Amino acid sequence: MKKINKRKRNGFTLLELLAVILVLSIIGLIAFAAVNNSVKYARKKSAETSAHGYIYAVNNQVGLSRLDSDTENDILDGTKLVSSLEVKMEGKAPNSGHVVITNGTVSKAELIIGEYKITCIEGECTTKKATFLESVEPGLIDLENEKLLVSWDDLVNKYGMSLTVGYGGAKALAATGLTGFVKFPPTATEIWGTCFRNNNNITGAYIPSSVKRIGAEAFNKSPLKVLYFEDTSNWYAKLSSGDTLVTIKSPEHVADKISRRTSKNSYPMVEWYNTSK
């Protein structure tokens with residue numbers, strides 16, 4: 001009787017193939033994560049380098065503007081929006097943001113470059129991922145769809161938005177039918193009383209850290225549903241019982257305080273002020 005030979009194996013079993021595919025997939029995921037992290041790190045460092053380059057270019061521009069006797073074209077101290085400065089620089093220019101010029105040099109900068117927000121104070125910089133609200137230009141915003149509806153300049157010049165006049169809530173907006181969230185510019189230091197009164201087009205507001213006072217009755221009879229404060233600390237309300245610290249933990253908490261007008265809550269009726277520098 002002939003001996004039957006065992007069949008020779010000519011390939012991998014299904015289980016072995018699955019094991020190889022699994023190992024290769026894991027290696028691919030690890031490699032992808034490493035490359036992705038490297039790309040993110042490079043983008044972050046590039047944004048930081050561009051921020052330093054922009055500040056350097058602004059300092060040069062300020063210095064050049066003050067060299068001659070023609071003071072009309074001098075770049076003066078104060079807060080300047082990126083969009084208002086014509087600066088030539090190497091690297092990627094900021095999408096938006098502002099700088100604070102003190103004694104002829106940039107003392108503080110908050111710049112949005114790509115997907116990052118770079119904050120520099122006296123040369124010390126920190127970087128984080130920018131939210132839409134941080135990166136969008138000041139103006140009327142569709143917050144839900146992350147879209148700028150009306151620029152701040154148009155709010156002021158076309159629709160009558162004012163921070164220094166009572167009833168300055170851009171009343172001409174009513175005719176447009178546009179409804180949105182107002183982001184105030186970092187040049188604003190005070191919001192006038194009754195600013196939002198009877199203006200159903202403005203449903204919320206972003207208060208930059210530059211604002212140190214909100215006038216009495218700014219929120220009285222306002223349609224605001226939410227407030228975002230860039231600086232949530234050291235806000236006080238001048239209540240009849242004395243100045244009271246306003247605890248700002250979340251936009252919803254603030255909205256509750258500004259929307260209710262009762263004998264026990266007069267927050268919508270009084271002046272607010274901030275003691276932070």
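The values are calculated or read from the model by the stated rules, or taken from the named source; none is laboratory data. From a predicted model like this one, the values you see are computed outputs, not experimental measurements. Cβ coordinates were reconstructed from backbone atoms using ideal geometry, including for glycine residues, and neighbour counts include every protein chain displayed.
Structure values in brief
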read-out: Members of the stretch 119-133 that are surrounded by 18 or more Cβ atoms within 10 Å (Cβ to Cβ) and within 21 Å of F184 (Cβ to Cβ); value: A130
read-out: Sole exception among (1) in the same structural domain as M89 (by TED's automatic domain parsing); (2) in contact with a Cys (Cβ under 9 Å, 6 or more places away or on another chain) for I214, by number; value: (1)
read-out: Residue list for the stretch 99-123, filter: more than 16 Å from A47 (Cβ to Cβ) and modelled with pLDDT under 90; value: E122, G123
read-out: For V58: the one exception among (1) at pLDDT 90 or above; (2) within 19 Å of the chain's Cα centre (by Cα); (3) in a helix (DSSP H, G or I); value: (2)
read-out: Unique match (being acidic (D, E), surrounded by fewer than 17 Cβ atoms within 10 Å (Cβ to Cβ) and under 17 Å from I118 (Cβ atoms)) among E90, E72; value: E90
